[in-house]
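First comes the structure, then the notes that go with it.
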Amino acid sequence: MTAAREPVLHIEKLCKSFGPTKANTDIDFELDRGEIRGLVGENGSGKSTLLSQIAGVIASDRGTMYLNGEIYAPQSPLDAYARKIGIVVQELGVIGTLSAGVNVFIGRTDAFTRAGIVDKKKMNAEIREIARKWGLADIPLNKPAKSLNVESRKQIELLRALAIDPQILILDEITQALSYDNRKRLHDLILTFKEMGRSVLIISHDLEEIAEITDTLTVLRDGRVVDTVRSDKVTMNDLKRMMVGREIEGDYYRTDAAPSREDRIVLSVRDLTVRKEVRSMSFDLHAGEILGFCGLSDSGIHMLGKALYGLEEDARGAVLLPEKGVRIKSSKMALENNIAYVPKERDGEGLMINAEIRDNFCLPSLDGMKGKFGLLSAKKLNDAANKAKDAFAVRCRDIFQEVGGLSGGNKQKINLGRWIAKDLSVLILDCPTRGVDVGVKSYIYRLMRDLKAKGLGIILISDELLEIIGMADRVFVVKYGEIAQELVRGTGFSEEAIIEVML
Amino acid sequence: MTRKKLDAGIMTSLVLLVAILVFFTIRTKGNMISVFNLTTIMDQALIVIIAGLGSIFVVSLGGADLSVGTTLGISTVVGAALADATGNEVVLFPVAITVALTIGFSNGFLVAKLKVPSFMVTLAHLIGMRGVMLYVQSVSSGFYRAQSLLLTLKNDAFKIPILIILIIVMHFILSHTKFGTYCKAIGENESVALNVGVPVAKVKIIAFMLSSFMASVAGFFMMAKVGGTNNTMGINLEIDVLMGIFLGGVLVTGGYSASVVKLLIGSFTISVIKNGMVLAKWSAIEITEVTQGVLLILILFVMILLKQRSGATARPDTLPKDPTV
């Protein structure tokens with residue numbers, strides 16, 4: 001290690017255990033100036049733990065970190081901030097009731113305080129300046145953070161990290177929350193960082209993306225570094241093999257090149273309009289068909305998912321089930337008519353984090369759990385939850401464990417699994433593989449193929465174009481709440497074609 | 001593993017109850033656990049338990065019904081006034097229940113449809129309805145004397161079986177029906193419940209109506225006990241009811257932590273403290289209330305500690321919930 005090429009961050013033999021669980025063992029790691037490094041690995045491989053150690057969120061058991069050649073032993077995130085390490089964590093860290101602007105400078109509003117009063121104008125001007133400098137989209141700064149969508153909340157956190165003018169920027173699973181256009185902005189931002197001779201450390205489950213935007217990739221497995229490789233030299237299959245430790249069997253996406261579906265229509269949408277976010281959409285979903293929806297952040301595709309499930313009171317137009325002659329007006333009706341909805345935000349909108357796995361599994365299917373006198377039977381609840389737990393290979397202690405302690409992939413298995421037990425006709429998926437590793441991803445895709453074969457109609461809303469292209473029979477590209485173009489599998493079904501319409 | 005381990009909240013509150021019972025038994029040289037005294041404790045806990053059996057549903061939603069005391073008062077006073085005017089005692093029951101259900105519906109409707117936090121809505125009812133009650137009391141013939149039918153509720157042969165039936169029924173509704181589960185799911189996370197297809201507004205309205213209904217039932221027992229109505233009926237009942245629920249180990253956020261067993265343990269704990277204080281001749285009300293307050297903080301502290309030890313709250317990934325229940 002010469003002085004000229006001294007790494008900005010150097011880590012030696014870092015270890016961390018949680019009780020008997022070894023999260024990290026003897027991690028050796030070097031990050032150069034101007035290097036963009038990706039961390040990849042399955043859920044639970046120790047990526048987030050490593051970042052938390054660097055960020056001062058978790059104290060290390062053993063090992064040493066050097067920052068610019070000096071010993072770096074952060075006791076809290078404040079130490080990390082002071083040494084100009086900016087972090088965006090995986091789980092959303094904004095305070096919902098405070099304004100977006102205050103959230104950016106939270107804990108550091110002193111600079112804008114005169115006589116105990118925060119000068120919000122000055123603060124917001126500063127934030128806009130930061131956003132402009134780094135080429136980020138504007139977000140409404142005066143609204144309470146909870147009224148903003150996941151994407152804007154992620155941007156708040158990104159701005160918070162950028163506000164300290166970091167020499168190392170650490171991004172844990174941020175791109176999955178962003179839509180296509182904001183991802184592009186983030187990629188540009190990362191390149192700017194590189195040009196300035198600063199470093200970026202990034203975690204993502206989207207392997208294609210991370211290989212594209214990084215210089216090097218460090219693969220972690222079971223808390224150990226497997227290897228560090230050049231991003232432009234490594235193949236996806238090699239990466240996956242290193243991550244999992246074996247070949248991933250079976251296909252990831254669909255391999256058939258032609259669209260397929262049954263004749264019967266399971267869901268018919270006519271002139272669906274939600275305020276100005278979804279405008280007069282009409283389409284039919286056939287049995288055994290996967291219908292993909294993609295678009296930019298303001299396209300309204302996520303609102304469409306909610307409206308299809310009867311969750312938007314402002315929705316006009318009709319969501320019809322032609323086979324039953326039913327018109328969906330509420331989520332209760334949707335539930336009763338065997339429609340399922342898996343929302344984008346797993347922790348806030350999909351799962352009861354502090355409740356048991358069992359209760360999360362059984363919530364949509366209580367009608368089938370009745371025993372004597374029409375009362376819910378504990379045995380039936382337990383049996384159903386155990387069955388689903390085994391069928392989905394959820395890694396947990398038992399069905400009475402709280403969901404909050406599980407990894408992202410296992411949470412998503414519960415989020416999806418609770419619907420599959422039912423006799424569904426329509427499944428609405430909003431970003432179903434967000435924040436899950438390759439193993440679970442391939443599992444979810446296999447599940448979708450099985451359900452399609454069984455004759456379910458699937459609505460797939462996603463920010464990942466490759467996923468849409470890999471799975472859908474037809475794709476609707478949505479722009480400003482309207483269907484801009486319909487593409488059919490096998491005919492001009494490419495990333496370029498979709499992006500061209502999207503932008 | 002198919003059996004569920006015992007809830008930490010129940011264990012903590014049970015240990016607390018036993019500890020207090022043992023303490024007062026030693027302190028009063030055994031008088032505490034005499035048959036006569038245990039009946040007295042039971043009698044004191046009765047009204048809190050009955051009102052709590054309804055209130056627990058609102059708590060499970062993550063809300064609080066502060067209007068149970070007033071609802072108890074106004075429903076029985078109006079019922080009694082009409083029974084008095086018609087000269088027919090039976091009139092009391094349907095009238096009182098109708099008044100209670102109306103208040104409950106109003107609570108539930110405002111909370112569910114206008115998204116006003118429940119403590120605001122029920123606080124408004126607590127204050128406003130108390131005024132209405134005093135007015136009714138002043139224009140009617142005044143003190144109503146409980147008559148034969150009502151007085152049968154004083155008889156243990158009726159009182160105890162009715163109480164047991166109510167406890168069993170409410171336990172099954174909370175723990176073994178779709179409605180009860182939906183209440184708890186809303187308390188865990190309202191967005192999740194809505195996204196799954198729970199008719200959230202309807203469930204909330206029913207929960208508030210159930211709370212008010214049980215308040216009026218508690219009112220009948222109170223009338224039997226005191227021999228009629230008066231204008232202080234039900235004052236501060238909401239405090240005892242909520243204390244009972246929370247001392248029993250139910251979380252303020254409601255959800256799956258809510259259970260009738262916890263309500264029973266908590267309500268008895270309060271009665272034991274109040275009764276023990278009197279027996280130990282520390283009868284000043286200040287001491288009783290300070291003790292209750294200290295114990296509530298203690299039990300919350302222990303429960304948080306237990307939860308942290310089990311690692312259940314180690315991940316900070318629960319989003320802030322909208323406080324609209």
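The values are calculated or read from the model by the stated rules, or taken from the named source; none is laboratory data. Everything numeric here is computed off the predicted structure, so don't read it as measured data. Here Cβ is always computed from backbone atoms with ideal geometry, including for glycine, and neighbour counts include all displayed protein chains.
Observations
- The residue that is surrounded by the most Cβ atoms within 10 Å (Cβ to Cβ), counting only those in the stretch A:318-336 that are without any contact (Cβ under 8 Å) to a residue 24 or more places away in the chain and more than 10 Å from chain B (Cβ to nearest Cβ), is A:Ile328.
- Only residues that are among the hydrophobic types (A, V, I, L, M, F, W, C) and within 27 Å of A:Leu406 (Cα to Cα) were counted across the stretch A:30-45, and they come to 2.
- Filtered by the rule that a residue be modelled with pLDDT of 95 or more and part of a loop (DSSP other than H, G, I, E, B), the stretch B:65-106 gives B:Asp65, B:Leu66, B:Ser67.
- Test for B:Ala51: is it closer than 24 Å to B:Ile239 by Cβ and exposed (fewer than 15 other Cβ atoms within 10 Å of the Cβ): no
- Selection status of A:Val426, within 19 Å of the chain's Cα centre (by Cα) and in contact (Cβ under 8 Å) with a residue 12 or more places away in the chain: no
- Among the residues making up the stretch B:177-186, those that are more than 9 Å from every other protein chain (Cβ to nearest Cβ) and buried (at least 20 other Cβ atoms within 10 Å of the Cβ) are B:Cys183, B:Ile186.
- Residues of the stretch B:223-239 that turn out to be surrounded by 24 or more Cβ atoms within 10 Å (Cβ to Cβ) and at pLDDT 90 or above, as a count: 4
- All positions within the stretch A:101-151 that are within 14 Å of chain B (Cβ to nearest Cβ) and outside any loop (DSSP other than H, G, I, E, B): A:Asn103, A:Pro144, A:Ala145, A:Lys146, A:Ser147, A:Val150
Residues checked against (1) within 17 Å of the chain's Cα centre (by Cα); (2) in a helix (DSSP H, G or I); (3) away from chain A (no Cβ under 11 Å); (4) farther than 20 Å from B:Ile245 by Cα:
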site	(1), (2), (3), (4)
B:Ile162	yes, yes, yes, yes
B:Met170	yes, yes, yes, no
B:Ser175	yes, yes, no, no
B:Val192	no, yes, no, yes
B:Ala201	no, yes, no, yes
B:Ala207	yes, yes, yes, no
B:Val217	yes, yes, yes, no
B:Ala224	no, yes, yes, yes
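- Residue satisfying all of: in the stretch A:404-445; within 12 Å of chain B (Cβ to nearest Cβ) and modelled with pLDDT under 90; nearest to A:Glu173 (Cα to Cα) among these: A:Gly435
- Those residues of the stretch A:84-128 which are of a type in the set (Phe, Trp, Tyr) and within 14 Å of A:Ile164 (Cα to Cα), in sequence order: A:Phe105
- Considering the stretch A:77-113, and only residues there that are touching a strand residue (DSSP E or B) at 6+ places or on another chain (Cβ under 8 Å) and over 22 Å from A:Ile139 (Cα atoms), the residue that is surrounded by the most Cβ atoms within 10 Å (Cβ to Cβ) turns out to be A:Ile85.
- Residue within the stretch B:115-130 that is more than 21 Å from the chain's Cα centre (by Cα), more than 14 Å from chain A (Cβ to nearest Cβ) and not hydroxyl-bearing (Ser, Thr, Tyr) present: yes
- Filter pass, A:Gln75 being more than 14 Å from every other protein chain (Cβ to nearest Cβ), in contact (Cβ under 8 Å) with a residue 12 or more places away in the chain and assigned to a loop (DSSP other than H, G, I, E, B): yes
- Residue satisfying all of: in the stretch B:130-146; within 15 Å of B:Ala85 (Cβ to Cβ) and small (Gly, Ala, Ser); modelled with the highest pLDDT among these: B:Ser138
- Search result, residues across the stretch A:78-97 that are at pLDDT below 85 and either charged (D, E, K, R) or part of a loop (DSSP other than H, G, I, E, B) (or both): A:Val89, A:Gln90, A:Glu91, A:Leu92, A:Gly93, A:Val94, A:Ile95, A:Gly96, A:Thr97
- The set of residues from the stretch A:58-72 being over 13 Å from A:Phe18 (Cβ atoms) and assigned to a loop (DSSP other than H, G, I, E, B) comprises A:Asn68, A:Gly69, A:Tyr72.
- Taken together, A:Ala340, A:Ala315, A:Ala307 contain a single residue that is more than 11 Å from chain B (Cβ to nearest Cβ), at pLDDT 95 or above and surrounded by 19 or more Cβ atoms within 10 Å (Cβ to Cβ), which is A:Ala307.
- Yes/no for A:Val40 being surrounded by fewer than 18 Cβ atoms within 10 Å (Cβ to Cβ) and closer than 15 Å to A:Ile203 by Cβ: no
- Matching entry among B:Val241, B:Val203 (being more than 22 Å from B:Leu300 (Cα to Cα) and not small (Gly, Ala, Ser)): B:Val203
- Yes/no for A:Ala393 being under 23 Å from the mean Cα position of the chain (by Cα), more than 10 Å from chain B (Cβ to nearest Cβ) and either farther than 23 Å from A:Val426 by Cα or surrounded by 24 or more Cβ atoms within 10 Å (Cβ to Cβ) (or both): yes
- Scanning the stretch A:360-369 for residues that are among the aliphatic types (A, V, I, L, M) and more than 8 Å from chain B (Cβ to nearest Cβ) gives a single hit, A:Met369.
- Applying the criterion of being under 15 Å from the mean Cα position of the chain (by Cα) and assigned to a helix (DSSP H, G or I) to the residues of the stretch A:440-465, the residue that is nearest to A:Leu207 (Cα to Cα) is A:Lys441.
- Output for the stretch B:276-292, where each listed residue is at pLDDT below 80 and part of a helix (DSSP H, G or I): B:Ile285, B:Glu286, B:Ile287, B:Thr288, B:Glu289, B:Thr291, B:Gln292
- With respect to being more than 13 Å from chain A (Cβ to nearest Cβ), small (Gly, Ala, Ser) and in a loop (DSSP other than H, G, I, E, B), B:Gly244 falls outside the description.
- Between B:Val15, B:Val35, the distinction of being within 25 Å of the chain's Cα centre (by Cα), away from chain A (no Cβ under 14 Å) and surrounded by fewer than 18 Cβ atoms within 10 Å (Cβ to Cβ) belongs to B:Val15 only.
- Exactly one residue out of A:Lys372, A:Lys387 is of a type outside the set (A, V, I, L, M, F, W, C), surrounded by fewer than 23 Cβ atoms within 10 Å (Cβ to Cβ), over 25 Å from the mean Cα position of the chain (by Cα) and more than 10 Å from chain B (Cβ to nearest Cβ), and it is A:Lys387.
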